[in-house]
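Structure first, commentary second.
The values are calculated or read from the model by the stated rules, or taken from the named source; none is laboratory data. All of these numbers come straight from a predicted model, not from anything done at the bench. As a convention, Cβ positions derive from the backbone with ideal geometry for all residues, glycine included, and neighbour counts pool all protein chains shown.
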Amino acid sequence: MRVLRERAESVQADRERTDRMVDRAAETGEPALRVWTPHRHVAFGRRDANAEGYDRARTLAREQGYPPIERRVGGRAVAYTGSTVAFSRAIPGADRTAIDGRYADAIERVRDALASLGVDTREGEPDGAFCPGTHSLQATGKVAGLAQRVRRDVAVVGGIVVVCDHAAIAAVLEPVYDALGVPFAPDAVGSVARAGGSGDPQTVCRTLVDALADGDFRET
């Protein structure tokens, strides 16, 4: 398995680097994994883009120092502080009937990684969580959320892990969600550190690589 770690020079370059990783996995048949700490920004989902308050929400994010972007997958807005960890796992030869199995496998791997960091999580999320969905982990608030997209030749399971920045994420998302007209509870944002685990993003990155990589891997 090919493993990539570092962030690129910008949010757009980061997106392009992940896209290239996915394309290469599809072309070569070699699975790939990226684990990194994205630049500060707020990523809005397609449902947000159709909301009446979307332009206002983007302005509010930008005013707080979080450049707004629109992502292709996932649900509602997610904030990355620069310490938040993201991961993307590309699995070639995707079977569209195996979506639930890929989710279950990824959830188990992330949960094991968090357990090794001293955080006991459970599936699901608290009321008022950011980017609400059915594939999340919580421990004193939402700690991780996962999403999946499937192409003809590759499936990508990705996600976010809040490491130590729950307060910053809550602060930026509260007015953003209010503008979008979406329920949000600041206290529903959890983090690894808030749940008693390591607050070091690089420690979390290394632990996730160990949990999500298959067998021997090489870094590029």
Checklist outcome for this item: Those residues of the stretch 173-220 which are small (Gly, Ala, Ser), closer than 23 Å to Ile107 by Cβ and either touching a Cys at 6+ places or on another chain (Cβ under 6 Å) or not in a loop (DSSP other than H, G, I, E, B) (or both) amount to Ala188, Ser191, Ala193, Gly199, Ala211
Item to check | Within the stretch 70-83, tally of residues that are under 11 Å from the mean Cα position of the chain (by Cα) and in a strand (DSSP E or B) | outcome: 3
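Restricting attention to the stretch 84-102, does a residue exist that is among the β-branched types (Val, Ile, Thr), more than 14 Å from the chain's Cα centre (by Cα) and surrounded by 14 or more Cβ atoms within 10 Å (Cβ to Cβ)? Outline the logic, then answer.
To start, the set of residues in the stretch 84-102 that are among the β-branched types (Val, Ile, Thr) comprises 84-85, 91, 97, 99.
Restricting the remaining residues to those that are more than 14 Å from the chain's Cα centre (by Cα) gives 91, 97, 99.
Remaining after also requiring surrounded by 14 or more Cβ atoms within 10 Å (Cβ to Cβ): 91, 99.
Yes, the stretch 84-102 contains at least one residue that is among the β-branched types (Val, Ile, Thr), more than 14 Å from the chain's Cα centre (by Cα) and surrounded by 14 or more Cβ atoms within 10 Å (Cβ to Cβ).
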Checklist entry - Between residues in the stretch 192-204 that are over 21 Å from His39 (Cβ atoms) and residues that are of a type in the set (A, V, I, L, M) and crowded, with 20+ Cβ neighbours inside 10 Å, which pairs lie under 6 Å by C-beta distance while being six or more apart or on different chains? => result Ala195/Val119; Ala195/Ala139; Gly197/Leu117; Gly197/Val119; Ser198/Leu117
Checklist entry - Any chance the stretch 14-30 includes a residue that's on the phi < 0 side of the Ramachandran plot, in contact (Cβ under 8 Å) with a residue 12 or more places away in the chain, among the basic types (Lys, Arg) and part of a strand (DSSP E or B)? => result no
Next on the checklist: For Lys142, only one of the following conditions fails: (1) touching a residue at least 24 places away in the same chain (Cβ under 8 Å); (2) surrounded by fewer than 23 Cβ atoms within 10 Å (Cβ to Cβ); (3) over 23 Å from Val11 (Cα atoms). What is its number?
Outcome noted: (2)
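Could you tell me which residue of the stretch 31-69 is nearest to the chain's Cα centre (by Cα), considering only residues that are small (Gly, Ala, Ser) and outside any loop (DSSP other than H, G, I, E, B)? Give the steps one after another, and end with the answer.
First pass over the stretch 31-69, keeping only residues small (Gly, Ala, Ser): 32, 43, 45, 49, 51, 53, 57, 61, 65.
So of that shortlist, the ones also outside any loop (DSSP other than H, G, I, E, B) come out as 32, 43, 49, 57, 61.
Working: Ala32: 16, Ala43: 10, Ala49: 19, Ala57: 20, Ala61: 18 Å.
The qualifying residue nearest to the chain's Cα centre (by Cα) is Ala43.
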Checklist entry - Among the candidates Ile99, Ile91, Ile160, Ile169, which residue alone is part of a helix (DSSP H, G or I), closer than 21 Å to Ala211 by Cβ and β-branched (Val, Ile, Thr)? => result Ile99
Item to check | Residues that are modelled with pLDDT of 95 or more and of a type in the set (A, V, I, L, M, F, W, C), drawn from the stretch 30-68 | outcome: Ala32, Leu33, Val35, Trp36, Val42, Ala43, Phe44, Ala57, Leu60, Ala61
